[in-house]
1. Identify, by number, the condition in (1) modelled with pLDDT of 90 or more; (2) part of a helix (DSSP H, G or I); (3) within 14 Å of chain A (Cβ to nearest Cβ) that residue B:69 doesn't meet.
2. Go through (1) in contact with a helix residue (DSSP H, G or I) (Cβ under 7 Å, 6 or more places away or on another chain); (2) modelled with pLDDT of 90 or more one by one and return the number of the condition residue B:268 breaks.
3. Taking the conditions exactly as written (of a type outside the set (Phe, Trp, Tyr) and closer than 17 Å to residue B:142 by Cβ), does residue A:243 satisfy them or not?
4. What pairs come up if the first residue lies in the stretch A:288-314 and is more than 23 Å from residue A:272 (Cα to Cα), the second is part of a helix (DSSP H, G or I) and hydroxyl-bearing (Ser, Thr, Tyr), and their beta carbons are under 8 Å apart, counting only those six or more places apart or on different chains?
5. Which residue, of A:85, A:126, is buried (at least 19 other Cβ atoms within 10 Å of the Cβ) and away from chain B (no Cβ under 11 Å)?
6. In the stretch A:58-82, how many are surrounded by fewer than 17 Cβ atoms within 10 Å (Cβ to Cβ) and either assigned to a helix (DSSP H, G or I) or of a type in the set (S, T, N, Q) (or both)?
7. Scan the stretch A:194-209 and tell me whether some residue there is over 27 Å from residue A:301 (Cβ atoms), within 12 Å of chain B (Cβ to nearest Cβ) and assigned to a loop (DSSP other than H, G, I, E, B).
8. Given the conditions (1) within 27 Å of residue B:273 (Cβ to Cβ); (2) without any contact (Cβ under 8 Å) to a residue 40 or more places away in the chain, report the number of the one that residue A:124 does not fulfil.
Amino acid sequence: MTTLATPPQHPKRTWWTKSRRDELNGWLFVLPWLLGLIVFTAGPMLFSLYAGFTRYNITTAPEWIGLQNYQAIVQDDFFWKALYNTFWMVIVKTPLVLLLSLGIALLLNVEMPGEKFFRSIIYFPNVLSGIAAVFLWKWILAPNGLFNRGLEFFGISGPGWFVDPTWTKPGMVIMGMWWIGGGILIYLAALKGIPRALYEAAELDGATQWRRTLHITLPLLTPAIFFEIVTNIIGTFQIFTTAYVLSGTDAATGGPGQSMLFYVLYLYNRAFGRVGPAGFQMGYASALAWILFVIILLITLIQLALANRWVYYESEG
Amino acid sequence: MQNTAVGPVEQLRAPSAPKERRRTRKQFTLGKLLAWLVLAGLAILWLAPLAWMISTSLKTPQDLFGYNWIPNPVAWANYIDAFSFGMWGRWGINTFVITIISMTGVIFSSAMVAYSFARLRWRARDQVFKLVLATMMLPSVVTLIPQFILFAKLPAFGLQGSAVWVNTFLPLTVPAFTANAFYIFLLRQFMRGIPMELTEAAKIDGASEFRVWRSIIIPLSKPALAAIAIFAFQGAWQDFMGPLIYLQSERLYTLQIGLRQYEFAFGGSPAWNWLMAASLIVMLPVLLIFLAFQRYFIEGVTITGMGGR
């Protein structure tokens with residue numbers, strides 16, 4: 001890279017112009033990313049598109065079987081169960097996360113003593129992404145755990161959470177609320193960016209606090225809300241570690257009553273031969289991955305198409 | 001997306017509120033008191049799991065299913081016993097090595113790529129940058145399987161006793177050297193704020209782009225690089241899926257994989273006090289770094305939109 005040293009003056013050279021040099025430098029500096037895109041992203045993606053039409057256990061060459069994987073998937077009960085569980089999570093968790101994080105962000109936006117302290121406390125679980133935190137919640141939501149003990153105070157006898165098939169996913173939703181701090185920070189940044197003058201003008205016009213929130217704050221927050229919904233949904237579709245750790249020894253079947261068999265967990269189980277035929281099933285798993293990719297892509301595109309109906313973009317200034 | 005006309009240091013801050021905010025009346029109202037009380041309640045709720053974790057980690061098995069917050073007696077020995085089986089020393093070193101290498105890789109490569117997007121002029125630049133942004137939306141699950149296949153085929157020539165990349169640290173470290181879209185985005189925003197005159201002068205004096213990058217841009221980007229360093233640390237230290245898939249020999253495990261042994265060692269019912277003690281120790285570096293560098297975390301999230309999870 002140091003050979004790129006450019007001598008100050010070479011006015012005679014006409015082919016090695018400044019713009020050509022700039023062009024070369026530009027590409028050289030993005031080279032690490034470009035190589036990664038080709039070797040670790042685009043290349044593998046294309047290969048898996050092909051692998052989805054084969055039977056492939058890594059040790060022997062892929063055997064072309066046409067659409068057989070996709071036909072088998074459509075008739076695979078585990079696939080439908082995994083899809084159901086994943087969609088359940090997306091549909092239930094996304095709005096709850098949205099409402100709760102918006103509410104807390106609005107509270108944190110009030111100027112008061114300790115606002116920075118509260119912000120840090122609400123955010124800190126987001127730095128804990130490892131399995132240690134999952135174990136912690138498995139312990140808290142144990143049938144005789146701290147959470148159910150708390151419910152007893154309100155006269156509620158808590159369910160078995162991660163041991164009872166009907167309560168595993170609600171348990172995961174409760175647990176997920178610990179990690180909404182990242183989204184809250186995004187909303188908070190958007191809130192702080194709203195010019196004070198807008199509120200003052202509305203106040204002069206006699207608008208109530210509620211109307212100001214509804215007609216100024218919310219519209220100006222919609223870009224952040226949109227961003228959060230899109231990324232949250234993409235994230236929820238890819239739940240793995242939580243489901244894997246919570247289902248523990250039952251991870252191969254997706255926990256009690258397959259209630260935590262989420263899509264990526266099933267894909268992992270298939271790929272590494274924990275369910276179905278023994279050995280790697282990379283062809284089948286590749287087909288599963290592409291189906292999920294298309295689902296996520298479609299949902300994101302639909303959201304983008306719907307965005308201009310409700311997302312408010314300030315004109316570029 | 002963000003305002004880029006301000007200086008680099010201001011820029012790492014959350015998109016700044018206009019100065020006029022400051023002159024809001026600092027008045028005590030009932031509404032404020034209510035908001036404060038709700039937040040204080042939430043803060044207690046948010047801290048309770050961590051407090052319970054500490055409490056559990058210090059309990060004896062007899063005390064374990066009681067609901068007392070103060071362990072009675074305090075079983076400090078848990079912190080020794082929890083690490084008495086398994087190769088914890090080894091796993092700690094492994095985690096440390098993988099984290100340091102991948103952190104270094106992702107910081108340097110992202111800083112290079114970001115420099116090109118922020119300060120070099122070339123024709124396809126804006127289109128390529130859009131491609132970078134598009135990959136941020138790409139679900140990583142689509143590359144999971146084919147990457148595994150790739151690493152199961154690439155020869156490692158006996159490194160760490162393996163013929164292929166699988167079951168070595170290579171799959172967990174080498175891809176980090178190809179930069180990360182979120183970090184590129186954050187650094188680009190930051191580098192665009194560094195005044196052009198600073199680098200133009202050096203270029204007129206004959207400095208190469210690489211020298212300008214190395215001697216001017218990198219030192220001036222330290223706040224943004226620090227933000228990235230702690231995100232990268234947190235991500236690599238706590239990665240679970242990567243080591244789960246790629247590391248098969250026990251001697252190569254990371255701490256995250258090591259924690260799993262408590263689950264299977266006691267016939268389905270974990271020794272919660274030991275598990276919580278070990279989990280706390282594994283979490284500790286991340287918690288300490290968060291406490292020390294909160295500002296960078298919070299500002300980094302605001303700029304890139306990385307929610308953590």
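1. With respect to (1) modelled with pLDDT of 90 or more; (2) part of a helix (DSSP H, G or I); (3) within 14 Å of chain A (Cβ to nearest Cβ), residue B:69 is out only on (2).
2. With respect to (1) in contact with a helix residue (DSSP H, G or I) (Cβ under 7 Å, 6 or more places away or on another chain); (2) modelled with pLDDT of 90 or more, residue B:268 is out only on (2).
3. Details: of a type outside the set (Phe, Trp, Tyr): yes; closer than 17 Å to residue B:142 by Cβ: no.
No: the conditions fail for residue A:243.
4. What qualifies is A:310/A:222; A:311/A:222; A:312/A:222.
5. Working: A:126 fails: away from chain B (no Cβ under 11 Å).
None of the other options fit; the residue is A:85.
6. Summing the residues that are surrounded by fewer than 17 Cβ atoms within 10 Å (Cβ to Cβ) and either assigned to a helix (DSSP H, G or I) or of a type in the set (S, T, N, Q) (or both) in the stretch A:58-82 gives 10.
7. Yes, that holds for at least one residue.
8. The one condition residue A:124 does not meet is (2).
The values are calculated or read from the model by the stated rules, or taken from the named source; none is laboratory data. Everything quoted here is computed from the prediction, not taken from an experiment. Cβ coordinates were reconstructed from backbone atoms using ideal geometry, including for glycine residues, and neighbour counts include every protein chain displayed.
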